[in-house]
1. Please go through segment 1-93 and write out the trypsin sites (Lys or Arg not before Pro) that DSSP classes as loop and that have at most 14 other C-beta atoms within 10 Å.
2. For a quick check, take a GNM of the chain with Cα springs below 10 Å and name the residue from 22, 211, 102 with the largest mean-square fluctuation.
3. List every residue whose amide H lies under 5 Å from the amide H of residue 105, counting only residues 5 or more places away in sequence or on a different chain, with H placed 1.01 Å from N in the peptide plane.
4. If amide H atoms are built 1.01 Å from N in the plane of the peptide, which residues on other chains or at least 5 residues away come under 5 Å of the amide H of residue 52?
5. For the chain, set up a GNM with springs between Cα atoms under 10 Å and report which of 156, 220, 117 has the largest fluctuation.
6. At R0 = 25 Å, how high is the FRET efficiency between residue 114 and residue 48 if r is their beta carbon distance? Nearest 0.05 is fine.
7. For segment 116-129, what does the Karplus curve 6.51 cos²θ - 1.76 cosθ + 1.60, with θ = phi - 60°, yield as ³J(HN,Hα) per residue in whole Hz, taken in order and with x for Gly and Pro?
8. In nm, to one decimal, how far is the modelled label at residue 95 from the one at residue 150, with both set 7 Å along Cα→Cβ?
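Rule-based calculations on the coordinates, nothing more; no lab input. Keep in mind the model is a prediction, meaning the values are calculated, not measured. Quick reminder, even Gly has a Cβ in these numbers, built from the backbone with ideal geometry, and neighbours come from all protein chains shown.
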Amino acid sequence: MKVLIVEDDPLHRSYLNEAVRAALPECDTVIEAENGGVGEKLARENKSAHIVMDLQMSPRNGIEAARTIWKERPDTRILFWSNYADEAYVRGISRIVPEGAAYGYVLKSASDDRLRLALRSIFIESQCVIDREVRGLQQKSLGHANGFTDSEYEILVDIALGLTDRAIARRRNLSLRSVQNRLQQLYEKLEVYQPVGEDSEEGRFNLRARAVTVAFLRKLLNYSSLERAEAELSEWLQAR
């Protein structure tokens, strides 16, 4: 068995190397990559390798690398190992994971035993392993517990990119009224909606800008999610 570790921190790579060897005596080869770009190259060269992947790396992050790897080899088993349980990351992974793929999402704060159990569960038993904190965000991402629908989340990303209502409508194939209705739902769920009335504080905020700020504070958006979205927007603009 081969395991590819994709992690930009040398100390974390060393820790993962030890954890893999301790959890998986079946593993005879551990390969290391310092970022997502190198990880893609090594995954291509070692097609049978299972992968442990950090999420926040530069210049190519874990979600971008995983998307490329899964596109080329959908049966690849990937354990995401991250400091972050941001909904932006959870949604990013849910958009790219192939149907039926065995994968996991374990926080770096998890115990040694938890990490080793995840490695064996995913790479040996083909089970999915998701930390409890991350699982709660997944449920919200699916629209539960006052979470955002996929359409609402797309519009949140679009306003963060600076698109107008009309541009969003064209991009998402929606009517202008539908976009505006979803914006109102976003404002209410983010609790930035301001009722109109003479006793209200109407005019204190630009609601679009305020919604983006609150989304960042609540970890619905992050740098990686907007970097990815900006690339997708550029492709859309070039195609027009």
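1. Working: sites: 2, 13, 21, 41, 44, 47, 60, 67, 71, 77, 91; in loops: 47, 60, 77.
Those that pass, being in a loop and sparsely packed, are 47.
2. Of 22, 211, 102, the most mobile in the Gaussian network model is 22.
3. 80, 129, 130, 131
4. 4, 5, 6, 79
5. 117
6. Working: r = 26 Å, r/R0 = 1.03.
E(calc), rounded to 0.05, equals 0.45.
7. Taking θ as phi minus 60°, the curve returns 5, 5, 5, 4, 6, 5, 7, 7, 9, 9, 6, 9, 8, 10 Hz for segment 116-129.
8. 1.1
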